[in-house]
Amino acid sequence: MFNQIVRFWRRKDTENCAEAEENELLKRIDKNKLPCHIAIIMDGNGRWALRRGLTRSYGHRAGIEALRDIVRICSDLGISFLTLYAFSTENWKRPQEEIDTLMNLLVEYFHKEIDELCENGVRVHPIGRISELPASARKAIDMAVQRTRENKGLTMNLALNYGGRHEIVDAVRAIASKLANGSLRIEQISEKLISDHLYTAGQPDPDLLIRPSGDLRISNFLLWQLAYTEFWFSSVMWPDFRRIHILQALVDYQQRERRFGGLNKKT
Ligand code: IPE
Ligand code: IPE
Ligand code: MG
């Protein structure tokens, strides 16, 4: 009993410290200079679980908690676009059992969260080759898209069966077929036209890319769109990723100078 009470107060202490740090970070964030578009590679579920002696599936389940939290904070902060990497075109190489777990969690997530997503005005926009996903996953995605289509808050791009190279291949195919049927001329091909044929057509490029879990690579994510994005890496595993980490990333982001190939303002 005594040990339980000590554990309870220790947890409370940690929570109070985290809250104090969050408030401190919030004070440092300039609400007028928030990124319009944040992209996140939700990585580290497997390692999080294995370190606890659990199977990788537990890690994916725990990752859903982080997803919930991060969508909420981004929506509360007034971020316009959040692109979340959930399943890559390369992730089919995983054992079938793990793939099934991920697809089932996706269905469960949408069914459990759809009301809250609607209350918060979140619009769900899947990106990737969705038609190749299992029928149950497609059905849940369709439901979420239909239910949230009129929402005007945060656009949540959920990258599923997504590959940056596949995305470019799909754009090239679409452009090539317009050239072939004469509805487009070669001179009309521009950076804007290519952007307009990507899954993220009409959206601004990400301002900030976040990758938790310590790996320093982009793993075939948003190859075209990340041209001038600021990168923020963290060793925290995705299931432990919370509001405080987003706030840390935002403070860091706001201290950077984005030059887009130009010159420093002071030079
Ligand atoms: C991210 O976590 C989830 C997916 C890729 C679907 P991982 O499963 O890649 O976890 P790690 O990187 O092996 O720890
Ligand atoms: C990237 O993570 C894909 C997702 C998080 C969905 P991976 O774990 O698949 O990437 P690699 O294999 O470490 O590059
Ligand atoms: Mg990984």
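The values are calculated or read from the model by the stated rules, or taken from the named source; none is laboratory data. The structure displayed is predicted, hence computed values, not measured ones. So basically every Cβ, Gly included, is an ideal-geometry build from the backbone, and we count neighbours across all protein chains shown.
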So in the stretch 138-163, with the set limited to residues that are in contact with a strand residue (DSSP E or B) (Cβ under 9 Å, 6 or more places away or on another chain) and of a type in the set (Gly, Ala, Ser), which one is farthest from MET42 (Cα to Cα)?
GLY153
Check the stretch 113-130 and report whether any residue there is assigned to a helix (DSSP H, G or I), more than 23 Å from ASP170 (Cβ to Cβ) and within 13 Å of ligand 1 (Cβ to nearest atom).
no
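Residue by residue through the stretch 140-192, note down the ones that are of a type in the set (Lys, Arg) and without any contact (Cβ under 8 Å) to a residue 24 or more places away in the chain.
We begin by selecting, within the stretch 140-192, every residue of a type in the set (Lys, Arg); these are 147, 149, 152, 165, 173, 178, 185, 192.
Across the stretch 140-192, the qualifying residues are ARG173, LYS178, ARG185, LYS192.
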Per the filter on the stretch 177-236, residues part of a loop (DSSP other than H, G, I, E, B), under 20 Å from the mean Cα position of the chain (by Cα) and among the hydrophobic types (A, V, I, L, M, F, W, C) are LEU198, ALA201, LEU216, ILE218, PHE221, LEU222, LEU223, TRP224, LEU226, ALA227, VAL236
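Working carefully through the options ALA249, ALA227, find the one that is at pLDDT 95 or above, surrounded by 18 or more Cβ atoms within 10 Å (Cβ to Cβ) and either within 15 Å of TRP48 (Cα to Cα) or more than 16 Å from ligand 3 (Cβ to nearest atom) (or both). Spell out the reasoning first.
Numbers: ALA227 fails: surrounded by 18 or more Cβ atoms within 10 Å (Cβ to Cβ).
Residue meeting the stated conditions: ALA249.
Kindly check whether there is at least one residue in the stretch 184-195 that is over 24 Å from PRO126 (Cα atoms) and of a type in the set (Gly, Ala, Ser). Give the steps one after another, and end with the answer.
From the stretch 184-195, those over 24 Å from PRO126 (Cα atoms) are 184-190; that's our starting set.
Applying the additional criterion that residues be of a type in the set (Gly, Ala, Ser) yields 190.
Scanning the stretch 184-195 turns up at least one residue that is over 24 Å from PRO126 (Cα atoms) and of a type in the set (Gly, Ala, Ser).
If I filter the stretch 76-89 for residues that are more than 11 Å from ligand 1 (Cβ to nearest atom), assigned to a helix (DSSP H, G or I) and surrounded by fewer than 20 Cβ atoms within 10 Å (Cβ to Cβ), do I get at least one hit?
Taking the stretch 76-89 and keeping what is more than 11 Å from ligand 1 (Cβ to nearest atom), we get 76-83, 89.
Among the residues that remain, those that are also assigned to a helix (DSSP H, G or I) are: 76-77.
Keeping just the survivors that are surrounded by fewer than 20 Cβ atoms within 10 Å (Cβ to Cβ) gives 76-77.
Scanning the stretch 76-89, I find at least one residue that is more than 11 Å from ligand 1 (Cβ to nearest atom), assigned to a helix (DSSP H, G or I) and surrounded by fewer than 20 Cβ atoms within 10 Å (Cβ to Cβ), so the answer is yes.
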